[in-house]
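Everything on this sheet refers to the single structure shown next.
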Amino acid sequence: MTAVLALLGGVGARERSAGLASPGAAAAAAALGVDGIAAGMGTGPAGVVLAWGQQETSTALEDAHFTLGQGPSVEALADGAPILVADLAVAVARWPAFTPAAQALGVNAVFAFPLQVGAISVGVLLAHRAVVGPLSAQQLADALALADAVTVLLLHHAAPETEAASTSPGMPRPGWAAPTTYRAQVHQATGMISVQLNVDLAEALARLRAHAYAHDRRVADVADDVVARRLRFDQLES
């Protein structure tokens with residue numbers, strides 16, 4: 001884990017980019033004895049945007065959190081404390097929708113750590129694995145140190161000027177979230193649904209999530225249909 005923290009601690013743009021890359025996350029996962037790990041920034045009902053890791057299963061888990069509005073990452077953000085579940089099979093009552101969705105991905109143990117500045121949570125780091133069982137005392141200590149390091153990295157990460165100049169306003173900078181995890185379409189769709197149904201944004205987002213869950217689709221895919229005007233929620237209500 002010392003080598004991983006050293007990788008994340010680089011002060012130059014090139015080193016920061018290396019820390020954000022998949023090899024850095026893969027090395028961290030190996031050090032913690034988990035199959036995958038990712039971190040996202042953001043709080044509240046709009047969910048988080050994955051900014052580090054982006055392994056396929058980690059991305060799918062975050063999609064499940066966002067669609068279902070429940071799970072270890074949601075609780076870690078709300079409570080400002082780690083959520084450690086060594087065996088998801090015992091968490092069905094706790095997260096009745098998230099648990100089977102995670103198990104369908106082959107995930108049987110999850111460990112969520114809030115990314116914090118003081119007492120304020122600004123994101124979450126989520127580790128997962130197929131094998132049940134708790135983190136060892138050393139792995140837990142390493143995970144807490146990693147969460148602190150990733151918090152600093154993500155809050156202070158800045159793209160090189162040449163990259164920033166080519167980035168469209170309002171879009172994530174290179175090295176941050178991949179397009180599949182960026183939710184600009186979701187925010188736009190939420191606004192459109194709010195107008196269509198004459199409800200506030202929180203209610204509109206809840207309707208969007210509910211529709212996605214009921215039809216076994218990703219929220220982002222339903223949002224694409226709304227923005228492209230293939231789907232109108234006022235017509236669903238009639």
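Things to note:
For (1) modelled with pLDDT of 85 or more; (2) out of contact with any Asp or Glu (no Cβ under 7 Å at 6 or more places or on another chain); (3) of a type in the set (Ser, Thr, Tyr), each residue gets a yes or a no:
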{"residue": "Gly175", "(1), (2), (3)": "no, yes, no"}
{"residue": "Gln185", "(1), (2), (3)": "no, no, no"}
{"residue": "Ala212", "(1), (2), (3)": "yes, yes, no"}
{"residue": "His215", "(1), (2), (3)": "yes, yes, no"}
{"residue": "Val226", "(1), (2), (3)": "yes, yes, no"}
{"residue": "Asp234", "(1), (2), (3)": "yes, yes, no"}
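- Near pairs, Cβ below 7 angstrom, 6+ apart or cross-chain, from the stretch 187-212 (assigned to a loop (DSSP other than H, G, I, E, B)) to any residue that is surrounded by fewer than 16 Cβ atoms within 10 Å (Cβ to Cβ): none
- Some residue of the stretch 83-90 being aliphatic (A, V, I, L, M), within 20 Å of Val186 (Cβ to Cβ) and in contact (Cβ under 8 Å) with a residue 12 or more places away in the chain: no
- Close pairs (7 angstrom Cβ cut-off, 6 or more residues apart or separate chains): under 11 Å from Gln103 (Cα atoms) in the stretch 119-131, assigned to a loop (DSSP other than H, G, I, E, B) and basic (Lys, Arg) anywhere: none
- Filter pass, Glu62 being crowded, with 21+ Cβ neighbours inside 10 Å, at negative phi, of a type in the set (Asp, Glu) and out of contact with any Lys or Arg (no Cβ under 8 Å at 6 or more places or on another chain): yes
- Filtered residue count, the stretch 57-106, keeping only those that are among the aromatic types (Phe, Trp, Tyr) and out of contact with any Gly (no Cβ under 7 Å at 6 or more places or on another chain): 0
The values are calculated or read from the model by the stated rules, or taken from the named source; none is laboratory data. Just so we're clear, the structure is a prediction, and the values are computed from it rather than from any experiment. With ideal geometry, Cβ positions are generated from the backbone for all residues, glycine too; neighbour counts draw on all protein chains shown.
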